[in-house]
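Report on the following structure.
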Amino acid sequence: MTEQEKGPVFRQVVLDCTDVRELAEFYRRLLVWNYRPGDEPPRPGAEDKDWLVLRNPDGGAQIAFQQVDRLEEASWPDPGPVPQQLHLDLTVDSVEELDVQHRRVLELGGRLRSDRSDDPEEPLRVYADPAGHPFCVFVA
């Protein structure tokens, strides 16, 4: 690539889900991010949106959530009929922080899929979010 060539800017990852608010709230609380203005929870009795965006307070890529009628949960990291297709990688600074975040993920509704927290080279855990999307938290 030459210096004059420029690619597109990576804006966000979009996750399909059957309940956009539930999944957006899971990641909002886990990552401690904020809704894009106008995407905050609606007042009681008001209709919710079918597309929500969380903004990274440090800038950079965002996460968006798109309503779908049906979604099959990925079977990864186990072999099975539904491949991962995509997963999010989240990092922490230490094994101690990995354990803190493990408790938070479970409290927020995530499910542990694989535990390699004792791996001496790359301690990590694989989870499924409430919609079944896989994501990893690892020490880096």
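What follows is calculated from the coordinates using simple rules that are stated; it is not laboratory data. In this text, all values refer to a predicted model and were calculated from it rather than measured experimentally. With ideal geometry, Cβ positions are generated from the backbone for all residues, glycine too; neighbour counts draw on all protein chains shown.
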Long-range amide H partners of Arg113 with built H, under 5 Å: Val126, Tyr127, Ala128
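Give me the dipole magnitude in Debye, nearest 20, for the chain about the Cα centre, with unit charges on the beta carbon: positive for Lys and Arg, negative for Asp and Glu. Write down the numbers at each step before the final one.
Numbers: 16 positive and 28 negative charges, 96 e Å.
That gives the chain a dipole magnitude of about 460 debye.
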When segment 12-67 is reduced to its Cα atoms, the Kirkwood hydrodynamic radius in Å: 11.3
DSSP-assigned coil residues among GluC sites (Glu not before Pro) in segment 54-140, each with at most 15 further Cβ atoms within 10 Å: Glu72, Glu73, Glu121
